[in-house]
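**Student:** Take this structure first; my questions come after.
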Amino acid sequence: MTAASVEQRREPIVSVRDLQVRFQTSDRRATVKAVDGVNFDVRRGETFGIIGESGSGKTTIGRALVFLLNPSAGAILHDGIDPLALPRREFQNHRRDYQIIFQDPNAALNPRMTILASVLEPLELARIGSHTERERQAREALERVGLPQEFGERYPHQLSGGQKQRVVIARALTLKPKLIVCDEVVAALDMSIRGDVLNLFADLQRDLGLTYVFITHDLAVVSHISERVAVMYLGQFVELGPTEEVAERPLHPYTIALLSAEPRPLPSAMRQESRIVLQGEVPSPIDPPSGCRFRTRCPHAQPLCTECAPEWRELKPDHWVACHFADRPNFRTTRNTGEAP
Ligand SMILES: Nc1ncnc2c1ncn2[C@@H]1O[C@H](COP(=O)(O)OP(=O)(O)OP(=O)(O)O)[C@@H](O)[C@H]1O
Ligand code: SF4
Ligand SMILES: [Mg+2]
């Protein structure tokens, strides 16, 4: 790769600034702060992982990135522009470049439509090219995801889970996106075929120059596919950095606990010697704790953690963290003695 293309690769394709997404509860009496002040860039051509427990806000960020929902505050820029400022028609065209794929392929495929018709549908809706041209593109997309042509005439119930997820990927590819948000895309698949589907994503990225945002609660998936990873807790990022760096030298107590709890075989550097069991439940995003949101479960919490929210800071090059004490030596082994670590 030339110096210029390396530089180009580092350019953000998506920039997220002070993003907030709030929902009203069904009785309209309270507000869920699902995403509450998140900042990051996704670089062109990379796979950016987001991990975190259930309810931490991962899907909400993913849906906001492709404007399936609008930010309550803050901004999301695509290639430096605010898509919400575009005229309606241009906005609709623009959105084709930013696709999202979810966990359950059954929800994405109409059981009464053939596979070919499903893959064709986004092209038909966008009215791109002639019908013959659209069908050629749809068949090409099926081939690209490794499905034989005769699958085009089948119905979803005649395919396995992995094959259905390939169809969903083909459907997204027909619109030639620049970026795909992949939300738990292998979570529903058998362990035996997860690797194949992850490899397909890697091949497509290499061949088509795609950028991915890969959302998962599975550390093994993130370590397999992502160059950088963000760790999410209760609507906020607590750590962000190169995946290997975060896995080998985590800076935030929550990341350290997550890594220690991972039951599956991980690279040796990702395994902790002793398991850290977090105390207490995840607090409600309706009324999150003051100061640091993790303080109610953090083994290192100090009075300062209740009073002030930690700054989001770049503690090492490209490695960001939100913890008052993450730069103290021996943080990983410090016990909660009531003294600052
Ligand atoms: N449409 C909605 N209306 C109200 N609350 C919502 C809505 N969508 C999400 N939430 C709430 O926002 C918070 C974040 O949800 P989100 O689905 O983004 O979490 P997640 O990290 O993707 O979880 P999981 O790992 O279970 O998929 C949760 O508390 C959830 O209940
Ligand atoms: S700021 Fe305090 S409570 Fe939050 S993670 Fe750091 S030590 Fe724990
Ligand atoms: Mg989710």
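The values are calculated or read from the model by the stated rules, or taken from the named source; none is laboratory data. All figures in this text were calculated on a predicted structure; none of them were measured in a lab. Cβ coordinates were reconstructed from backbone atoms using ideal geometry, including for glycine residues, and neighbour counts include every protein chain displayed. Just so you know, the surface numbers come from the protein's heavy atoms only, side chains and all, with ligands and any DNA or RNA stripped out. Shrake-Rupley method; radii C 1.70, N 1.55, O 1.52, S 1.80 Å.
**Student:** Could you tell me which numbered condition Gly152 fails, if it satisfies all but one of (1) away from ligand 3 (no atom under 16 Å from the Cβ); (2) open to solvent by 60 Å² or more (accessible area, probe 1.4 Å); (3) assigned to a helix (DSSP H, G or I)?
**Tutor:** Answer for Gly152: the failing condition is (2).
**Student:** Is there a residue in region 204-220 that is within 16 Å of ligand 2 (Cβ to nearest atom) and among the aliphatic types (A, V, I, L, M)?
**Tutor:** Taking region 204-220 first, the residues within 16 Å of ligand 2 (Cβ to nearest atom) are none.
Looking through region 204-220, none of the residues is within 16 Å of ligand 2 (Cβ to nearest atom) and among the aliphatic types (A, V, I, L, M).
**Student:** Output yes when any residue across region 59-73 is more than 18 Å from Val181 (Cα to Cα) and either without any contact (Cβ under 8 Å) to a residue 60 or more places away in the chain or more than 16 Å from ligand 2 (Cβ to nearest atom) (or both), and no when none is. Walk me through it before giving the result.
**Tutor:** Taking region 59-73 and keeping what is more than 18 Å from Val181 (Cα to Cα), we get 72-73.
Within this subset, residues satisfying the condition of being either without any contact (Cβ under 8 Å) to a residue 60 or more places away in the chain or more than 16 Å from ligand 2 (Cβ to nearest atom) (or both) are 72-73.
Scanning region 59-73 turns up at least one residue that is more than 18 Å from Val181 (Cα to Cα) and either without any contact (Cβ under 8 Å) to a residue 60 or more places away in the chain or more than 16 Å from ligand 2 (Cβ to nearest atom) (or both).
**Student:** Could I ask something else about it? Provide a single number: the residues in region 140-149 that are surrounded by fewer than 18 Cβ atoms within 10 Å (Cβ to Cβ) and either aliphatic (A, V, I, L, M) or part of a loop (DSSP other than H, G, I, E, B) (or both). Outline the logic, then answer.
**Tutor:** Let us first name the residues in region 140-149 that are surrounded by fewer than 18 Cβ atoms within 10 Å (Cβ to Cβ), namely 140, 143, 146, 148-149.
Imposing the further condition that a residue be either aliphatic (A, V, I, L, M) or part of a loop (DSSP other than H, G, I, E, B) (or both) reduces the set to 146, 148.
Final tally of qualifying residues: 2.
**Student:** Taking Ile225 and the conditions (1) of a type in the set (Val, Ile, Thr); (2) modelled with pLDDT under 95; (3) more than 26 Å from Asn106 (Cβ to Cβ), which numbered condition does it fall short on, given that it satisfies the others?
**Tutor:** With respect to (1) of a type in the set (Val, Ile, Thr); (2) modelled with pLDDT under 95; (3) more than 26 Å from Asn106 (Cβ to Cβ), Ile225 is out only on (3).
**Student:** Using the structure shown, decide if Ile76 is in contact with a helix residue (DSSP H, G or I) (Cβ under 8 Å, 6 or more places away or on another chain), hydrophobic (A, V, I, L, M, F, W, C) and crowded, with 16+ Cβ neighbours inside 10 Å.
**Tutor:** Numbers: in contact with a helix residue (DSSP H, G or I) (Cβ under 8 Å, 6 or more places away or on another chain): yes; hydrophobic (A, V, I, L, M, F, W, C): yes; crowded, with 16+ Cβ neighbours inside 10 Å: yes.
Yes: the conditions hold for Ile76.
**Student:** Ok, one more. Being assigned to a helix (DSSP H, G or I), open to solvent by 60 Å² or more (accessible area, probe 1.4 Å) and touching a helix residue (DSSP H, G or I) at 6+ places or on another chain (Cβ under 6 Å) is the filter here; which residues of region 91-139 pass it?
**Tutor:** Within region 91-139, no residue meets the criteria.
**Student:** Here is a further query. Specify which of the listed residues (Pro253, Pro242, Pro289) is in contact with a Lys or Arg (Cβ under 6 Å, 6 or more places away or on another chain), farther than 23 Å from Thr31 by Cα, modelled with pLDDT of 90 or more and away from ligand 3 (no atom under 16 Å from the Cβ). Break it down into steps so the answer makes sense when it comes.
**Tutor:** On the way: Pro253 fails: in contact with a Lys or Arg (Cβ under 6 Å, 6 or more places away or on another chain); Pro289 fails: farther than 23 Å from Thr31 by Cα.
The conditions single out Pro242.
**Student:** On the given criteria, is Arg335 within 14 Å of ligand 2 (Cβ to nearest atom) and modelled with pLDDT of 90 or more?
**Tutor:** Values: within 14 Å of ligand 2 (Cβ to nearest atom): yes; modelled with pLDDT of 90 or more: no.
When the stated conditions are applied, Arg335 does not pass them.
**Student:** Identify all residues within region 79-88 that are open to solvent by 50 Å² or more (accessible area, probe 1.4 Å), in contact (Cβ under 8 Å) with a residue 12 or more places away in the chain and not in a loop (DSSP other than H, G, I, E, B); write none if there are none.
**Tutor:** Step one: filter region 79-88 for residues open to solvent by 50 Å² or more (accessible area, probe 1.4 Å), giving 79-82, 84-85, 87-88.
Among the residues that remain, those that are also in contact (Cβ under 8 Å) with a residue 12 or more places away in the chain are: 79-80, 84.
Correct list: Leu84 only.
**Student:** Residues in region 46-65: is at least one in a loop (DSSP other than H, G, I, E, B), open to solvent by 20 Å² or more (accessible area, probe 1.4 Å) and away from ligand 3 (no atom under 16 Å from the Cβ)? Even if it seems obvious, please write down each step before you answer.
**Tutor:** Filtering region 46-65 for residues in a loop (DSSP other than H, G, I, E, B) gives 46, 53-57.
Those left that are additionally open to solvent by 20 Å² or more (accessible area, probe 1.4 Å): 53-55.
Among the residues that remain, those that are also away from ligand 3 (no atom under 16 Å from the Cβ) are: none.
No, the conditions are met nowhere in region 46-65.
**Student:** Just checking, how many residues over region 173-204 are closer than 18 Å to Gln137 by Cα and not aliphatic (A, V, I, L, M)? Steps first, please.
**Tutor:** Taking region 173-204 first, the residues closer than 18 Å to Gln137 by Cα are 173-178, 204.
The next check asks that each one be not aliphatic (A, V, I, L, M); those that pass are 174, 176-178.
Residues flagged as closer than 18 Å to Gln137 by Cα and not aliphatic (A, V, I, L, M) within region 173-204 amount to 4.
**Student:** Tally up the residues in region 54-69 that are among the small types (Gly, Ala, Ser) and more than 7 Å from ligand 1 (Cβ to nearest atom), please.
**Tutor:** Residues that pass the stated criteria total 2.
**Student:** I'd like to know if region 18-33 contains one or more residues that are touching a residue at least 60 places away in the same chain (Cβ under 8 Å) and either buried (at least 17 other Cβ atoms within 10 Å of the Cβ) or under 20 Å from Val181 (Cβ atoms) (or both).
**Tutor:** From region 18-33, those touching a residue at least 60 places away in the same chain (Cβ under 8 Å) are 25, 30-33; that's our starting set.
Then drop every residue that is not either buried (at least 17 other Cβ atoms within 10 Å of the Cβ) or under 20 Å from Val181 (Cβ atoms) (or both), which leaves 32-33.
Taking every residue of region 18-33 in turn, at least one turns out to be touching a residue at least 60 places away in the same chain (Cβ under 8 Å) and either buried (at least 17 other Cβ atoms within 10 Å of the Cβ) or under 20 Å from Val181 (Cβ atoms) (or both).
**Student:** Of the residues Ile180, Ile193, only one is of a type outside the set (Gly, Ala, Ser) and surrounded by 22 or more Cβ atoms within 10 Å (Cβ to Cβ); which?
**Tutor:** Working: Ile193 fails: surrounded by 22 or more Cβ atoms within 10 Å (Cβ to Cβ).
Checking each option against the conditions leaves just Ile180.
**Student:** Counting only residues that are under 23 Å from Leu204 (Cα atoms) and surrounded by fewer than 20 Cβ atoms within 10 Å (Cβ to Cβ), which one in region 35-44 is farthest from ligand 3 (Cβ to nearest atom)?
**Tutor:** Our first condition is that a residue be under 23 Å from Leu204 (Cα atoms); within region 35-44, this holds for 41-44.
Adding the requirement that they be surrounded by fewer than 20 Cβ atoms within 10 Å (Cβ to Cβ) leaves 41, 43-44.
On the way: Asp41: 22, Arg43: 23, Arg44: 25 Å.
Looking at residues that are under 23 Å from Leu204 (Cα atoms) and surrounded by fewer than 20 Cβ atoms within 10 Å (Cβ to Cβ), I get Arg44.
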